[in-house]
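Colleague: Okay, handing you the structure first.
The values are calculated or read from the model by the stated rules, or taken from the named source; none is laboratory data. Predicted model only: the values in this text are computed from it and were never measured. All Cβ positions, glycine included, derive from the backbone under ideal geometry; neighbour counts span all protein chains shown. What goes into the accessible areas is simple: the full protein's heavy atoms, side chains included, and nothing from ligands, DNA or RNA. Shrake-Rupley method; radii C 1.70, N 1.55, O 1.52, S 1.80 Å.
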Amino acid sequence: MEGQAKQAYFVNEAFNNEEQQQQPHGAGGGGGVGTDNMPRRRSKDLHLDLHAKKAQEEQLSAAAPTLDFDDILPLIGEFGRYQKILFLLMIPFAFFVAFVYFTQIFLTLVPEQHWCHVPELDALDVEARLALSIPMANGEYNNCYMYDVNYTEVLAKGMIMADPKWPQIKCRQGWSYNFTEIPYSTVATEQNWVCDDAALPTYAQSIFFLGAIVGGLLFGWVADRFGRIPALISCNMMGLVAGVATAFANSFWQFATMRFFVGFAFDNCFTMMYILVLEYVGPKYRTFVANMSIAIFFTGAACLLPWIAYYVADWKLLTVITSAPLLLAVLTPLVVPESARWLVSQGKVDRAIGILKRLEQRNGRKVPAQTYQHFSDSCRRLHDQEQAQNASYSVLDLFKTPRLRRITLLLIVIWMAISLVFDGHVRNVGSLGLDIFFTFTVASFTELPADTLLTVTLDRFGRRWLACGSMVASGIFSLLATVVPVGVYSATLAIMGRFFVNISYNIGLQYAAEILPTVVRAQGVAFIHIMGYVASIIAPFVVYLANISTALPLIILGLLGIIGGLLSLLLPETLHHDLPQTLTDGEEFGRGQSIWDFPCLAKQLDDDVDKCNDVEDMRSQAFVRGTQTGASLNASTRGELRSSILRRSVQSRNSTKL
């Protein structure tokens, strides 16, 4: 049929060309009518011919096969030699994001045992100094007050114990720190960010997340305007410069300013590379690459970081060691190709095909030229459609209809809860009563089993109940950690809470990318992602409540986890359902679903019906690919989404783990 259509088209074109060559003889020069046997064609006839030709071209276009990246990648090689190299090249970038995200924890550690410094008592040992100068509070020496007496006279009298009736004042000449558990001086201890200034590290961490929001918008725009590789290099260079400059900070505001610019690189420094690699991996292996790159590389870096800090034992050197490797990003263009999907979105289809051909050669495959031609034609058609769609919709459309508005608000609240609980657990390890270096390592290691478990269960149990179960479990374990003795028991339960919120985090962004309609998915997920950063800004202040009571952060994290999990049940399930394309689809999506529907049971019933009626082909290949192997990446061919953060959210952090 395709060959016949093309032949008809060429015959018609030949006829039209011949007719056009003959026409000037009859229309030109004066009196040419009699020299040509063909009559003049009226404008009405020409108008009809143009309509017929246009209809014919549309018919031919519809007859041509539509190919997207998920169709052509299996021909090139879904996970061939070149993709495996790209997978390994994710290692340094996974280390970068772990270092950028977690290093500040070890830059601002403050030993629990710190007391007012009294220079007159320096000749005495620690116990003697404390006994003479520091009042007791709840059976422990006070961190922020000292006795207001003349210590020279006290020593002259030979006194060895303080009188509890002596007047007390706040520390006047700095603090002394017990560096037994934390064996190095940090920026917080050097600049005495304790007592009245104890919240300064919290402010610095929140300023870091403000930088992450600004950096996400800035480098997202760079990624959309100039490509993924320039954005990847520029954000890593920003992290490099600001990270090294942190070592020279001599005040809080200098430190906070540098953390703001380091925040520019957060997430971007890895997820740009993450997206690039996922785009070149076929649907069959995308789940593995998406999960295992986080589970192995990111987890490995997070587990290694505390021991780098421990053995380096110098906060300034630590900032340099964790920032300098970002310089490797300048080598990216030598080994990593530009995003072919982005090139298609910019109309640079030929350049995208050139990259795919290089991939084909390095994987030892052979793809017919006609396949690339069909792919090129499909990309150009879809690019034109996307241009029209992106000009017509905005994130405000999500709030114009009742069901879609409710779903959007639920997604925002749930993702904010997940982000806050996740970041809260990350930063609360110092309040669990155990060695922070060991506890941080064990808590970070939970990412590996969490991602592995999710890979096995996500397509069986669906998004809704798995999100609910993991968040509620995280909340329950967090609350249980507050009713057991501080130490091994409380730390174990809190780490279990971290394990389950890891699962929730991995589900969260993917869920939003599936539920929101295609025409506004980019902006919707971007907005939800930004609201997650807002929650992360609050998280350090929740953790700071441990200064009032060590149980308070876990109580708040536990309650938020349970509430967020239960709210997840109000969302529609997406597994084994056609994902919404239009706003109307989004408004109707999930209507009629019961809160007790379980995808694993529904799928089993569907399989029984298929066996009885032999209707396995009822679901199109596009639907299967969209619901099982990465709807958001498949959609990016049909609409390479213009939002800055979508590249970091829809297609990052497991948006392809369907």
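Colleague: Within the stretch 200-211, is even one residue over 20 Å from residue 339 (Cα atoms), among the polar types (S, T, N, Q) and outside any helix (DSSP H, G or I)?
Modeller: No, that holds for no residue.
Colleague: Continuing with the same structure: Which members of the stretch 131-183 meet the condition of being part of a loop (DSSP other than H, G, I, E, B), under 10 Å from residue 115 (Cα atoms), of a type in the set (Gly, Ala, Ser) and free of Cβ contacts under 8 Å to residues at least 40 places away in the same chain?
Modeller: none
Colleague: Can you name the residue in the stretch 538-558 that is open to solvent by 30 Å² or more (accessible area, probe 1.4 Å) and assigned to a helix (DSSP H, G or I) and, of all such residues, is nearest to residue 586 (Cα to Cα)?
Modeller: 538
Colleague: Is it true that some residue in the stretch 510-531 is closer than 24 Å to residue 450 by Cα, polar (S, T, N, Q), buried (at least 23 other Cβ atoms within 10 Å of the Cβ) and more than 15 Å from the chain's Cα centre (by Cα)?
Modeller: No; the residues of the stretch 510-531 include none that is closer than 24 Å to residue 450 by Cα, polar (S, T, N, Q), buried (at least 23 other Cβ atoms within 10 Å of the Cβ) and more than 15 Å from the chain's Cα centre (by Cα).
Colleague: Can you say whether residue 219 is open to solvent by 70 Å² or more (accessible area, probe 1.4 Å), touching a residue at least 12 places away in the same chain (Cβ under 8 Å) and among the hydrophobic types (A, V, I, L, M, F, W, C), as far as the supplied structure shows?
Modeller: no
Colleague: So which pairs qualify, if the first residue must be in the stretch 330-341 and within 14 Å of residue 82 (Cα to Cα), the second must be hydroxyl-bearing (Ser, Thr, Tyr), the Cβ gap must be under 8 Å, and the two must be at least 6 apart or on different chains?
Modeller: That search, which allows pairs on different chains as well, returns 337/280.
Colleague: Return the pair list, or none, for Cβ contacts closer than 7 Å from residues in the stretch 290-319 that are open to solvent by 10 Å² or more (accessible area, probe 1.4 Å) to residues that are among the small types (Gly, Ala, Ser) and not in a helix (DSSP H, G or I), at least 6 apart or on different chains.
Modeller: These pairs meet every condition: 316/247.
Colleague: Going through the stretch 78-112 one residue at a time, which ones are of a type in the set (Val, Ile, Thr) and closer than 26 Å to residue 536 by Cβ?
Modeller: 91, 97, 100, 103, 105, 108, 110
Colleague: All but one of (1) in a loop (DSSP other than H, G, I, E, B); (2) in contact with a Phe, Trp or Tyr (Cβ under 8 Å, 6 or more places away or on another chain); (3) open to solvent by 40 Å² or more (accessible area, probe 1.4 Å); (4) more than 26 Å from residue 205 (Cα to Cα) hold for residue 120, so report the exception by its number.
Modeller: Answer for residue 120: the failing condition is (1).
Colleague: Now a separate question. Any residue at all in the stretch 415-422 that is in contact (Cβ under 8 Å) with a residue 60 or more places away in the chain, buried (at least 19 other Cβ atoms within 10 Å of the Cβ), part of a loop (DSSP other than H, G, I, E, B) and of a type outside the set (Phe, Trp, Tyr)?
Modeller: Within the stretch 415-422, none of the residues are in contact (Cβ under 8 Å) with a residue 60 or more places away in the chain, buried (at least 19 other Cβ atoms within 10 Å of the Cβ), part of a loop (DSSP other than H, G, I, E, B) and of a type outside the set (Phe, Trp, Tyr).
Colleague: Would you check if there is a residue in the stretch 255-269 being closer than 30 Å to residue 353 by Cβ and surrounded by 24 or more Cβ atoms within 10 Å (Cβ to Cβ)?
Modeller: The answer is yes; a qualifying residue exists.
Colleague: Could you tell me whether residue 324 is aliphatic (A, V, I, L, M), open to solvent by less than 10 Å² (accessible area, probe 1.4 Å) and either part of a helix (DSSP H, G or I) or closer than 30 Å to residue 182 by Cβ (or both)?
Modeller: No, not satisfied.
Colleague: Also: Can you tell me which residue within the stretch 274-287, out of those that are farther than 21 Å from residue 231 by Cα and within 17 Å of the chain's Cα centre (by Cα), is least open to solvent (accessible area, probe 1.4 Å)?
Modeller: In this case the residue turns out to be 286.
Colleague: I'm checking my understanding of the structure. Among residues of the stretch 151-175 that are more than 14 Å from residue 129 (Cα to Cα), of a type outside the set (Asp, Glu) and more than 57 Å from the chain's Cα centre (by Cα), which one is least open to solvent (accessible area, probe 1.4 Å)?
Modeller: Among those that are more than 14 Å from residue 129 (Cα to Cα), of a type outside the set (Asp, Glu) and more than 57 Å from the chain's Cα centre (by Cα), it is 156.
Colleague: Just name the residue that is nearest to residue 342 (Cα to Cα) out of those in the stretch 228-254 that are of a type outside the set (A, V, I, L, M, F, W, C) and surrounded by 19 or more Cβ atoms within 10 Å (Cβ to Cβ).
Modeller: That would be 228.
Colleague: Right, residue 482: outside any helix (DSSP H, G or I), surrounded by 18 or more Cβ atoms within 10 Å (Cβ to Cβ), in contact with a helix residue (DSSP H, G or I) (Cβ under 6 Å, 6 or more places away or on another chain) and among the hydroxyl-bearing types (Ser, Thr, Tyr) or not?
Modeller: Yes: the conditions hold for residue 482.
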